[in-house]
Amino acid sequence: MTGSIIDRVATDPNRVIVFDTTMRDGEQAPGFSMSPDDKVRMGRALKALGVDVMEAGFAAASPGDEDCIRAVVGEMAEDDSGPVFCSLSRAIEGDIDASYRALRGTKRRRCHVFIGTSPIHRAAKLRMTPDQVLAQAVRSVAYARTHFHDVEFSAEDAIRTEPQFLAEVLEAAAGAGASTLNVPDTVGYATPDEIASLYRFLIAQIRPNFPNVIFSTHCHNDLGLAVANSLSAIEAGVRQVESTVNGIGERAGNAALEEVVMALRVRAERYGVTTGIDTTKLLETSRMLSEVTHSPIVRNKAIVGINAFAHEAGIHQHGMYADARTYEIMRPEDVGFSGSFFVLGKHSGRTAVQKRAEVLGYPLIGDHLNDAFAAFKTRADEIGEIDDAELIAICTATQRDAHVAA
Ligand code: MN
């Protein structure tokens, strides 16, 4: 992977690699299917966003998936500044071959090999002993290395795996040539303290023999802890975070890319790490995904929801007029919004109504302000949000009343 982004960033101990799996883990969840054209569009957007690794699919899943990965890589293949492209593979030769066929057009390719390591996955799914799982992990990573310089190994359901066995499998995978070791919380079971302790244990066990290996985290949101667990993993020394735009993914989803990236940025004094993400493109990427998957973004979604920088309550609006830092920890422009905005409703105060009316060409003073504000509150109780057209109607009606009274 000479010249790849991974080579460049791996030398900086404070740089976190952002591995995007929107088009693999995200796309495989119900309701988030994407057409090949959609994936090509998303691929371009993710490149512009600055992801380091783009998991474009699971080539062995179907011939269509294999074609789709090739299409995503497409014209980006020879662009030196582009991301590393990745395909998921079970720990079997056929899957690795499919990944190679999908990615052979680019030098910046990664094979992501996984096998279940937890007792339940070994017994119920694989019907294999721990020794057999370990041997197959080693064999498949070594095979992947014949086609790929860059191989990532994942111990599926790592969080529910015996820590000592997990360390053995990961170390053996590193010995076979995996340069990234991923410890997925496949079922979203971990807590932040627990995941940090596990990574500290694994890093202490494996780093002495493999000083350049990169530890990776892949958290699911079944308990709403995916972002918290990812951040905790980074604090424990992890330098690759796997995430998806809008947090889409199996069941309750994966760690949301925009939330992890902005937490690292807004709380940089605490985490002390950087990413390669152009945060001003977060909103447009999120909206593009929402559009291609026909899945609206919940309005109070962190970072990219339409309420993320909206203020209705009078006390908050008053504070925002004085200094935006009273109620905002980041600038809306930093994530792609054009600014904060004030929603007028029953919780809004007199100043906010007066300021908006002035912008619309209705300077409210004296009795007109009193009458308009009273009418505004009545109307807001009836219909909720007062948009510009409603506010203009209120201003003109109360103006007329004032004239009549005079
Ligand atoms: Mn997953």
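What the table below lists for this structure:
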| quantity | calculated |
| --- | --- |
| Where Cys111 falls short, out of the listed (1) within 21 Å of Ala173 (Cα to Cα); (2) in a helix (DSSP H, G or I); (3) in contact (Cβ under 8 Å) with a residue 40 or more places away in the chain | (2) |
| Residue identified as farther than 16 Å from Pro184 by Cα, hydrophobic (A, V, I, L, M, F, W, C) and in the same structural domain as Asn182 (by the TED database) among Val245, Val227 | Val245 |
| Strands (runs of 3 or more DSSP E) enclosed by segment 179-264 - at least 1 residues per element that are away from the ligand (no atom under 12 Å from the Cβ) and surrounded by fewer than 24 Cβ atoms within 10 Å (Cβ to Cβ) | 214-219 |
| All positions within segment 331-355 that are surrounded by 15 or more Cβ atoms within 10 Å (Cβ to Cβ) and hydrophobic (A, V, I, L, M, F, W, C) | Val335, Phe337, Phe342, Val343, Leu344, Ala352, Val353 |
| Some residue of segment 274-283 being within 16 Å of the ligand (Cβ to nearest atom) and closer than 19 Å to Cys219 by Cα | no |
| Contacts under 7 angstrom Cβ, first residue in segment 200-225 being more than 12 Å from Val238 (Cα to Cα), partner part of a strand (DSSP E or B) and modelled with pLDDT under 95, 6 or more apart | none |
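The values are calculated or read from the model by the stated rules, or taken from the named source; none is laboratory data. All values reported here derive from a predicted model rather than from experimental measurement. Please note: Cβ atoms are built from the backbone with ideal geometry, for glycine as well, and neighbour counts cover all protein chains shown.
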